[in-house]
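Engineer: What follows is a structure written as structure tokens; I'll ask about it next.
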Amino acid sequence: MRFVTTRGGQPVSFREAALIGLAPDGGLYVPETIEPWSADELSRLSNRTLTEIGYRALRPYTRGELDATLFEALVVDALNFPIPLVEVEPRVYALELFHGPTLAFKDVGARLMARLMASLDKDERDLTVLAATSGDTGSAVAHAFHGVPHTRVVVLYPDGRVSPTQEAQLTMFNAEAGNVRAYAVAGSFDDCHRLTRETFGDDALSRAARLTSANSVNVGRLLPQMVYYFHAVAQLGPVGGDLLMCTPSGNFGNLTAGLMAKRAGLPVSRFVAATNVNDVVPEYLERGVFAPRPSVATIANAMDVGHPSNFDRMLWLYGNGVDAMRRDVIGCRFADDDVRQTIRRVYEERGYLLDPHSAIAYMGLKSVLQSNQPGVFLATAHPAKFREIVEPVIHKTIETPGPLAEALAGPLHILRIDASLDAVSRAIDV
Ligand SMILES: *Cc1c(COP(=O)(O)O)cnc(C)c1O
């Protein structure tokens, strides 16, 4: 399949779209068409496993560029953890996307993207992924590429400005002679970000290291997120009534993938786009005006986005029509106090522990769900990842899941560098 850009740029192959990341015209890559599933395939969804669904959902985009056997192996290798659907209360289900290595939903897109990029790249020399991170994205990318042949990862994070848990997850691979290194930069997140821009801007360095970005707008990371929407429906089986789904949103990649799945035939009547107080998209749905602005800090910080990049893809899906988008999407937003109250109440009444992002998804679903209507909300992070927020709310300490315990167990191997292009090029050169 060919990929075009949201600004109408020249079509490219999937390989080019995934390896380039951001299109040269400044737009975002999107598939030329979204192939619908047949009614027969949809009716047999319940008999399929997660990896079978992954193969079916993504095959149209990779056909002609990746051989079927190789592609299947790559899907199986990437989706090696469960994505269960859990009933929280009657007709309300959590799709738990947090059982991957970094305990957040970004593992799904990042792990498939890493393997797709490595397999699509025909060059013998390693690709070097350079990423600046304020915390979670960097560890999802580091873990996703870890051990993937012909790739190297260099992550820059601000020294002293990530949480101890995040630093443990980021630096986990520094001690081994592997393909992933994370560097603590003497500076802020903005310095890290500036350094990656400068490094990409240095043509000689960029070519020599075969630099690429594993940015969240990469279409190779977006498409895999369609998979678990189908997997949710497969686990739910036949339900009476129109299914509603709610996606907690920041950069709106997750929701966009859901809307694309709906276009491909996912039997869901509508989506709820739930945000924290960074609510430019709910506001657009209400008033028809898109007004990006600086983000505000909240306790659901992975959703603190004031100018969501995937909004362009949402406009593309609906031909720039707000009314068309409104037929599929309802927006809502929640403040930190609502989040804390909901975490406490759902824990006390249902014995189910939500992280702040998943709590927003739960509230979004409940605010729209009619009585007797079934609904699924996406649980995007494990509560243990946000223990500083969750524990005081429920007055209990929570267990540390295996992958996190492993990261926290070893001695830290911190590699410190200055905030200079020189230091970054030395880090890339090793
Ligand atoms: C990134 C993230 C989100 C937001 O996803 P988008 O695709 O950016 O809208 C929600 N929850 C968690 C835990 C995240 O890490």
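The values are calculated or read from the model by the stated rules, or taken from the named source; none is laboratory data. These numbers come from a predicted model, not from an experiment. All Cβ positions, even for glycine, are placed from backbone atoms using ideal geometry, and neighbour counts span all protein chains on display. For accessibility, only protein heavy atoms count, side chains too; no ligands or nucleic acids. Shrake-Rupley method; radii C 1.70, N 1.55, O 1.52, S 1.80 Å.
Engineer: Filtering the range 308-359 down to residues that are of a type in the set (Asp, Glu) and over 17 Å from residue 252 (Cβ atoms), which residue is nearest to the ligand (Cβ to nearest atom)?
Structural biologist: 355
Engineer: Can you tell me which residues in the range 253-276 are of a type in the set (Val, Ile, Thr) and either near the ligand (Cβ under 10 Å from one of its atoms) or assigned to a helix (DSSP H, G or I) (or both)?
Structural biologist: Of everything in the range 253-276, those that are of a type in the set (Val, Ile, Thr) and either near the ligand (Cβ under 10 Å from one of its atoms) or assigned to a helix (DSSP H, G or I) (or both) turn out to be 256, 275.
Engineer: Give me the residue from the range 383-419 that is in a loop (DSSP other than H, G, I, E, B), under 20 Å from residue 161 (Cβ atoms) and touching a helix residue (DSSP H, G or I) at 6+ places or on another chain (Cβ under 8 Å) and, out of that set, least open to solvent (accessible area, probe 1.4 Å).
Structural biologist: Checking each candidate, the answer is 419.
Engineer: Hey, another quick one. Being at pLDDT below 95, within 30 Å of residue 76 (Cβ to Cβ), buried (at least 17 other Cβ atoms within 10 Å of the Cβ) and touching a Lys or Arg at 6+ places or on another chain (Cβ under 8 Å) is the requirement here; does residue 212 meet it?
Structural biologist: Judged against the criteria, residue 212 is not a match.
Engineer: Something else now. Among the residues of the range 347-356, write down those that are assigned to a helix (DSSP H, G or I) and more than 25 Å from the chain's Cα centre (by Cα).
Structural biologist: 347, 348, 349, 350
Engineer: Now for a different question. Looking only at the range 281-307, count how many residues are within 12 Å of the ligand (Cβ to nearest atom) and within 18 Å of residue 323 (Cα to Cα).
Structural biologist: Result for the range 281-307: 1.
Engineer: Still on this model: Being under 30 Å from residue 242 (Cα atoms) and open to solvent by less than 30 Å² (accessible area, probe 1.4 Å) is the filter here, so list the residues in the range 77-99 that pass it.
Structural biologist: 79, 81, 83, 88, 89, 92, 94, 95, 96, 97, 98
Engineer: Please find, within the range 360-377, the residue that is farthest from residue 92 (Cα to Cα) out of those that are within 16 Å of the ligand (Cβ to nearest atom) and not in a helix (DSSP H, G or I).
Structural biologist: The residue in question is 377.
Engineer: Could you please tell me which pairs satisfy a Cβ distance under 6 Å, a separation of 6+ or placement on different chains, a first residue in the range 287-306 that is of a type in the set (Gly, Ala, Ser), and a second residue that is more than 15 Å from the ligand (Cβ to nearest atom)?
Structural biologist: From the range 287-306, the pairs are 288/322; 306/293; 306/294.
Engineer: Looking at residue 356 and the list (1) free of Cβ contacts under 8 Å to residues at least 24 places away in the same chain; (2) within 30 Å of residue 166 (Cα to Cα), which single condition is not satisfied?
Structural biologist: It is condition (1) that residue 356 fails.
Engineer: Checking residue 181 against (1) open to solvent by less than 40 Å² (accessible area, probe 1.4 Å); (2) more than 24 Å from residue 248 (Cβ to Cβ): exactly one of these is not met. Which one?
Structural biologist: For residue 181, the failing item is (1).
Engineer: Whether any residue in the range 222-230 is open to solvent by less than 20 Å² (accessible area, probe 1.4 Å), polar (S, T, N, Q), at pLDDT 95 or above and within 13 Å of the ligand (Cβ to nearest atom) is what I want to check.
Structural biologist: Yes, some residue in the range 222-230 is open to solvent by less than 20 Å² (accessible area, probe 1.4 Å), polar (S, T, N, Q), at pLDDT 95 or above and within 13 Å of the ligand (Cβ to nearest atom).
Engineer: Could you tell me which numbered condition residue 162 fails, if it satisfies all but one of (1) under 23 Å from residue 297 (Cβ atoms); (2) in contact (Cβ under 8 Å) with a residue 60 or more places away in the chain; (3) in a loop (DSSP other than H, G, I, E, B)?
Structural biologist: It is condition (2) that residue 162 fails.
Engineer: Would you say residue 188 is of a type in the set (Gly, Ala, Ser), out of contact with any helix residue (DSSP H, G or I) (no Cβ under 8 Å at 6 or more places or on another chain) and more than 16 Å from the ligand (Cβ to nearest atom)?
Structural biologist: In short, yes.
Engineer: Within the range 137-150, is even one residue part of a strand (DSSP E or B) and within 16 Å of the ligand (Cβ to nearest atom)?
Structural biologist: Scanning the range 137-150, I find no residue that is part of a strand (DSSP E or B) and within 16 Å of the ligand (Cβ to nearest atom), so the answer is no.
One line per residue, one yes/no per condition, for (1) more than 17 Å from residue 247 (Cα to Cα); (2) of a type in the set (D, E, K, R); (3) in contact with a Gly (Cβ under 7 Å, 6 or more places away or on another chain):
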{"site": "260", "(1), (2), (3)": "no, no, no"}
{"site": "267", "(1), (2), (3)": "no, no, no"}
{"site": "274", "(1), (2), (3)": "no, no, yes"}
{"site": "284", "(1), (2), (3)": "no, no, no"}
{"site": "290", "(1), (2), (3)": "yes, no, no"}
{"site": "295", "(1), (2), (3)": "yes, no, yes"}
{"site": "303", "(1), (2), (3)": "no, no, yes"}
{"site": "316", "(1), (2), (3)": "yes, no, no"}
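Engineer: So residue 174 fits all but one of (1) open to solvent by 40 Å² or more (accessible area, probe 1.4 Å); (2) more than 23 Å from residue 386 (Cβ to Cβ); (3) assigned to a loop (DSSP other than H, G, I, E, B); (4) modelled with pLDDT of 90 or more; what number is the exception?
Structural biologist: Among (1) open to solvent by 40 Å² or more (accessible area, probe 1.4 Å); (2) more than 23 Å from residue 386 (Cβ to Cβ); (3) assigned to a loop (DSSP other than H, G, I, E, B); (4) modelled with pLDDT of 90 or more, residue 174 violates only (1).
Engineer: Only one of (1) closer than 20 Å to residue 81 by Cβ; (2) of a type in the set (Val, Ile, Thr); (3) surrounded by fewer than 24 Cβ atoms within 10 Å (Cβ to Cβ) fails for residue 141. Which number is that?
Structural biologist: Against the list (1) closer than 20 Å to residue 81 by Cβ; (2) of a type in the set (Val, Ile, Thr); (3) surrounded by fewer than 24 Cβ atoms within 10 Å (Cβ to Cβ), residue 141 comes up short only on (3).
Engineer: Shifting gears a bit: In the range 87-121, which residue that is more than 23 Å from residue 172 (Cα to Cα) and without any contact (Cβ under 8 Å) to a residue 40 or more places away in the chain is nearest to the ligand (Cβ to nearest atom)?
Structural biologist: Ranking the qualifying residues of the range 87-121, first place goes to 87.
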